[in-house]
Ligand code: ADE
């Protein structure tokens, strides 16, 4: 899968993603990263990419032309017009099912805004998805783009190995994951729950399901509405 990022800070994108699991996936060729500096497409002799807002007001607005030229450069070699995600606090809030949708694409373009925003005309022309990573405001779109690329990358076949596999993780079925323990058996006076030491797989599974349900009820009750619950599950939730 190919991730293209239109940004004023390509180094930030490169540094963030050439690390850890995404770094390994890039190295092994399961994903590709094309961080494009919008400034390289400025025709201005000082390489300006922003200007004052028409109608007045604070801040600067990113101009449409450099973004368009960078977009054209990326898309000229791609047969099917790729989805273009404008990363903005004014978008729909990113979630796991969006990550799953994006992971089906061969190419995905992220447009990272800065300053007070981006000229509306270029957004109308190229953007297909307006996406936020939550109801708070960051200094730019680079961190949100990296968050989304990370979440999408781990769904691309080959990126995770067996141990890292997505099978039993939080949000897989709208439930939070059960607690995990490793050695030692006792730490600061707290013992690992006996059931996990019992070797009884049936009981371990039951305990994990119960913990998962209780944890979701306590921390993210909103998720339970979307979860697929059995009669036994309902019993745990009442206890
Ligand atoms: N740009 C600034 N804040 C943002 C957010 N929360 N999500 C996406 N893009 C942003």
* Only one of these is modelled with pLDDT of 95 or more and closer than 30 Å to residue 98 by Cα: 229, 213. Name it. => 213
* To do: Mind listing whichever residues of region 85-105 are touching a helix residue (DSSP H, G or I) at 6+ places or on another chain (Cβ under 6 Å) and either under 18 Å from residue 1 (Cα atoms) or more than 16 Å from the ligand (Cβ to nearest atom) (or both)?
  => 99, 102, 103
* To do: Return yes or no: is residue 56 assigned to a loop (DSSP other than H, G, I, E, B), farther than 30 Å from residue 160 by Cα and away from the ligand (no atom under 16 Å from the Cβ)?
  => yes
* Of the residues that sit in region 129-159 and are exposed (fewer than 13 other Cβ atoms within 10 Å of the Cβ) and within 16 Å of the ligand (Cβ to nearest atom), which one is nearest to residue 80 (Cα to Cα)? -> 134
* So residue 21, is it assigned to a strand (DSSP E or B) and either surrounded by fewer than 17 Cβ atoms within 10 Å (Cβ to Cβ) or within 16 Å of the ligand (Cβ to nearest atom) (or both) -> no
* Asked: within 16 Å of the ligand (Cβ to nearest atom), surrounded by 19 or more Cβ atoms within 10 Å (Cβ to Cβ) and within 23 Å of residue 133 (Cα to Cα) - does that describe any residue in region 34-42?
  -> yes
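Residues checked against (1) within 11 Å of the ligand (Cβ to nearest atom); (2) surrounded by fewer than 18 Cβ atoms within 10 Å (Cβ to Cβ):
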| residue | (1), (2) |
| --- | --- |
| 63 | no, no |
| 73 | no, yes |
| 78 | no, yes |
| 107 | no, no |
| 111 | yes, no |
| 122 | no, no |
* Kindly check whether there is at least one residue in region 163-172 that is in contact with a helix residue (DSSP H, G or I) (Cβ under 6 Å, 6 or more places away or on another chain) and more than 16 Å from the ligand (Cβ to nearest atom). => yes
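The values are calculated or read from the model by the stated rules, or taken from the named source; none is laboratory data. Model, not experiment: these values are computed from the prediction. For neighbour counting, all protein chains shown are included, and Cβ atoms are generated from backbone atoms with ideal geometry for every residue, glycine included.
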